[in-house]
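Below you'll find the structure, written out as structure tokens, and then a few comments.
The values are calculated or read from the model by the stated rules, or taken from the named source; none is laboratory data. Just so we're clear, the structure is a prediction, and the values are computed from it rather than from any experiment. Here the Cβ positions follow ideal geometry from the backbone for every residue, glycine too, while neighbour counts run over all protein chains shown.
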Amino acid sequence: MKSIRSIFAVFSVIVFGMTLWFILAKDPEARVAKSDDGVVTITGLSRIKGNFSVEADNSATVATPLISHVYHIAPAGVRQDSPLVLSFARSALLGTSSATTVYWFNAPLGMWEQMRDVVVDSEGVLAVRVAVLGDFALGIAPKITAPTMLTAFDRLRAKAPVGTRGYSIAVAYTLENGVPVRVEGLGEHGGCGGRIGAGDHNAFSSSTLFLSVPVDDVDTTTQFILVGEWSISTDGTGCVTGEELQAQE
């Protein structure tokens, strides 16, 4: 009996040890890549599509609201099945201690967007969860009071190509000597009679206007860029007679 209890005790210790190892050990599927300057770390799983690489674009001009160099992270533009964690080291030496957000460049729209899924926000690290890689940078987030743009949306919608069945309009602001940054919550999407239809290819149009709006509570002449993305049917079949492109209600 003692022998059986001893064997059981040894077995229990082994099982407990293995369980503890699996809990504490690094995920065997984890993959990590770092930039040469040590600022950026990207972490994901081995089933990620393509190999990780991180390259700092030291020639890129730091422009408002970006306060770090741009980092090219591959594989770019591929939506991953599993989330990735992108970490930036905040540094007084690099001038990024005041960073409040991570920006991602939306290449099809030609504008930067804030990454909202923050997983670490400490004095030395700002990390976000992302699904698509590409160009990223640290930045600040100016407070922009967005104007009403219904008339501007109407003018851009009138530029829709023949065969358009659905559309979305995104808006970006650009401060002096800055880069275009998407204004969240300001835009429009719709389709024929307000119903969003699917085409088989997309096209883009844009328009620009200058308005004086409060930026961090100071009236500032600001450039706004409106980008329309049109979902088009190749055979030219757009809205039926009597229907027009309208915003979805």
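Data table
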| item | result |
| --- | --- |
| Total residues in segment 199-249, condition within 23 Å of the chain's Cα centre (by Cα) and among the polar types (S, T, N, Q) | 8 |
| Selection count where residues are exposed (fewer than 15 other Cβ atoms within 10 Å of the Cβ), of a type outside the set (A, V, I, L, M, F, W, C) and not in a strand (DSSP E or B), scope segment 193-228 | 5 |
| Residue check for residue 212: closer than 30 Å to residue 68 by Cβ, in contact with an Asp or Glu (Cβ under 6 Å, 6 or more places away or on another chain) and not aromatic (Phe, Trp, Tyr) | yes |
| Single match in 55, 123, 113 (criterion: touching a residue at least 60 places away in the same chain (Cβ under 8 Å) and either in contact with a strand residue (DSSP E or B) (Cβ under 6 Å, 6 or more places away or on another chain) or charged (D, E, K, R) (or both)) | 113 |
| Elements of type strands (runs of 3 or more DSSP E) in segment 1-95, at least 2 residues being surrounded by fewer than 11 Cβ atoms within 10 Å (Cβ to Cβ) and either at pLDDT 90 or above or in contact with a Gly (Cβ under 6 Å, 6 or more places away or on another chain) (or both) | none |
